[in-house]
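The values are calculated or read from the model by the stated rules, or taken from the named source; none is laboratory data. Quick caveat, the model's predicted, so the values are computed rather than measured. Don't worry about glycine lacking a Cβ; one is built from the backbone with ideal geometry, like all the others, and counts go over all protein chains shown.
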Amino acid sequence: MLLGGILLLSLVGVESGGWFLTRVARRRVPANALQTAFFRAGHAHAAVLLVLGLVVGLFVDLAAVPEPWAEIARWGAPAAAILMPSGFFLSVLGRDPQRPGPLFVLLWAGAGCLTAGLVTAGVALIVAFAASR
């Protein structure tokens, strides 16, 4: 329940990011093509991964997945929702960057968390289904 509340409130933060994107699109915030693309990707990833975290959490709870598997499954998407957008946003800070900076590695860290969470959740749900038969 706590994680669900946190994820829902985090979507309000993503909503404010949408306002920032409208400022970029109207050229009120200077951004080159790379920055604009990365800002959009970061915003989209944040929203989708937060919602995915809500869905995975519900399935894990409904299936009564045992610990520690439930925690790995439950936190994979939310961790990715922090790391991946951070990689998109922070790797293109500055004036007119021509390529992503070193903080792009956060994108790959998030992808690892997402993969671990989804594989754990998927296997746990299949095992729970098989055990219920």
- Answer yes if at least one residue in the range 95-108 is surrounded by 13 or more Cβ atoms within 10 Å (Cβ to Cβ) and either touching a Cys at 6+ places or on another chain (Cβ under 9 Å) or among the hydroxyl-bearing types (Ser, Thr, Tyr) (or both), and no otherwise. no
*Might you let me know whether the range 116-131 holds any residue that is small (Gly, Ala, Ser), in contact with a Ser or Thr (Cβ under 6 Å, 6 or more places away or on another chain) and either at pLDDT below 95 or over 20 Å from residue 2 (Cα atoms) (or both)?*
no
Within the range 19-66, residues surrounded by fewer than 19 Cβ atoms within 10 Å (Cβ to Cβ), of a type in the set (Val, Ile, Thr) and assigned to a helix (DSSP H, G or I) come out as 22, 24, 36, 48, 51, 55
Answer yes or no: is there a residue in the range 29-51 that is out of contact with any Asp or Glu (no Cβ under 7 Å at 6 or more places or on another chain), of a type in the set (A, V, I, L, M, F, W, C) and more than 30 Å from residue 95 (Cβ to Cβ).
-> yes
Residues of the range 78-100 being touching a helix residue (DSSP H, G or I) at 6+ places or on another chain (Cβ under 6 Å), not small (Gly, Ala, Ser) and not in a loop (DSSP other than H, G, I, E, B), in sequence order, are 78, 83, 84, 85, 88, 89, 90
Sole miss for residue 70 among (1) touching a residue at least 12 places away in the same chain (Cβ under 8 Å); (2) among the small types (Gly, Ala, Ser); (3) surrounded by 15 or more Cβ atoms within 10 Å (Cβ to Cβ); (4) out of contact with any Ser or Thr (no Cβ under 9 Å at 6 or more places or on another chain) is condition (4)
Within the range 1-18, residues being surrounded by 14 or more Cβ atoms within 10 Å (Cβ to Cβ) and aliphatic (A, V, I, L, M) number 4
